[in-house]
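Quick notes on the structure that follows.
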Amino acid sequence: ITSLEQAGEGSRELDARIEKAVGLAVALDGAGRATDAIGTRYRVPRYTTSLDCALALASRLLPAHFSVEVTAEIGVGFGWVEVTPDGRAYYESAEEAGGFSAHARSPALALCAAILRATNPKGQPNV
């Protein structure tokens, strides 16, 4: 997560490290390709440079009830993932929300870091 927050920009290497950290890939070839548990080779999505791919990652990893907020200023992205297991969409305070946030150089990087925090709140995956 720290690597994502400190990166100057997204990269294929970070994309691959996310894929492996969340257990979607069992092997990486260094060229943006991965192998899953049944041996299928595929191209790793561009999570750290594409908000569409980062949102698709959220859909795959987070519970059915979640919301995402992404904001950006020049050179800084902010990602917020709110995991709402009971389906509530509004909270009075951040403590109630059960949200996970991150700041990074781009919105896609910040959202990826927030997603990783949400999927592993007790410890940080090695990304």
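The values are calculated or read from the model by the stated rules, or taken from the named source; none is laboratory data. Just so we're clear, the structure is a prediction, and the values are computed from it rather than from any experiment. Neighbour counts run over all protein chains shown; Cβ positions are idealised from the backbone, glycine included. Surface accessibility is based on the protein's heavy atoms, side chains included, excluding ligands, DNA and RNA. Shrake-Rupley method; radii C 1.70, N 1.55, O 1.52, S 1.80 Å.
Just a few scattered comments:
- Candidates are the residues of segment 33-69 that are open to solvent by 50 Å² or more (accessible area, probe 1.4 Å) and of a type in the set (Phe, Trp, Tyr); the one that is farthest from LEU14 (Cα to Cα) is PHE66.
- Single match in ALA7, ALA27 (criterion: crowded, with 17+ Cβ neighbours inside 10 Å and of a type outside the set (Phe, Trp, Tyr)): ALA7
- Only listed residue being among the charged types (D, E, K, R) and at pLDDT below 85, chosen from GLU13, GLU5, GLU69: GLU69
- The residue that is farthest from GLY99 (Cα to Cα), among those in segment 45-73 that are among the acidic types (Asp, Glu) and under 13 Å from the mean Cα position of the chain (by Cα), is ASP52.
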